[in-house]
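The structure under discussion appears below in the form of structure tokens.
The values are calculated or read from the model by the stated rules, or taken from the named source; none is laboratory data. Nothing here was measured: the structure is a model prediction, and the numbers come from that model. Cβ atoms come from the backbone with ideal geometry, glycine included; neighbour counts cover every protein chain shown.
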Amino acid sequence: MTDFSHDGGVLSARLIGAVAGSAISLVYLLPRHRREAAVRFLTGVACGLIFGGPTGLWGATQLGIEPELSSAEIMLAGATLASFTAWWGLGVLVRLTGRAGERV
């Protein structure tokens, strides 16, 4: 699933999905600082590249649309979802730990 083969279409879809998921996440939870933005963006891209295949396959199977989608479409959707989730989850974690640190 996470094999980085020479299939340019699937690798491109994986990369585009990972970047798109991180970019879409900006709308939902804006970073406070440049460092936070950079860390969350790179984490989102890395998670999208690594977990894009399994996430896309899982989502297509759950929706029952796996036979109708190409491998590039599954990879694009999976990378976007994995990246979006990582970005959003890391943002929430940063905010919660920041608030807990202020109380101490």
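Here residue 14 meets the list (1) of a type in the set (D, E, K, R); (2) surrounded by 16 or more Cβ atoms within 10 Å (Cβ to Cβ); (3) at pLDDT below 80 almost entirely, failing just condition (3). Residues that are surrounded by 14 or more Cβ atoms within 10 Å (Cβ to Cβ) and free of Cβ contacts under 8 Å to residues at least 12 places away in the same chain within region 67-85 comprise just one, 69. Examine region 56-68 for a residue that is outside any helix (DSSP H, G or I), modelled with pLDDT of 90 or more and of a type outside the set (Lys, Arg), and state whether such a residue exists. Yes: one or more hits.
Just to be sure, is residue 90 in a helix (DSSP H, G or I), within 20 Å of residue 36 (Cα to Cα), free of Cβ contacts under 8 Å to residues at least 60 places away in the same chain and more than 13 Å from the chain's Cα centre (by Cα)? Against the criterion (in a helix (DSSP H, G or I), within 20 Å of residue 36 (Cα to Cα), free of Cβ contacts under 8 Å to residues at least 60 places away in the same chain and more than 13 Å from the chain's Cα centre (by Cα)), residue 90 does not qualify.
Based on what the data block shows, is residue 54 more than 15 Å from residue 16 (Cβ to Cβ) and without any contact (Cβ under 8 Å) to a residue 40 or more places away in the chain?
Values: more than 15 Å from residue 16 (Cβ to Cβ): yes; without any contact (Cβ under 8 Å) to a residue 40 or more places away in the chain: no.
Taking the combined requirement at face value, the residue does not satisfy it.
Applying a threshold of 8 Å to beta carbon distances and a minimum spacing of six or more residues, or different chains, the list of pairs starting in region 9-26 at a residue that is more than 16 Å from residue 40 (Cβ to Cβ) and assigned to a helix (DSSP H, G or I) and ending at one that is at pLDDT below 80 and of a type outside the set (A, V, I, L, M, F, W, C) reads 11/5.
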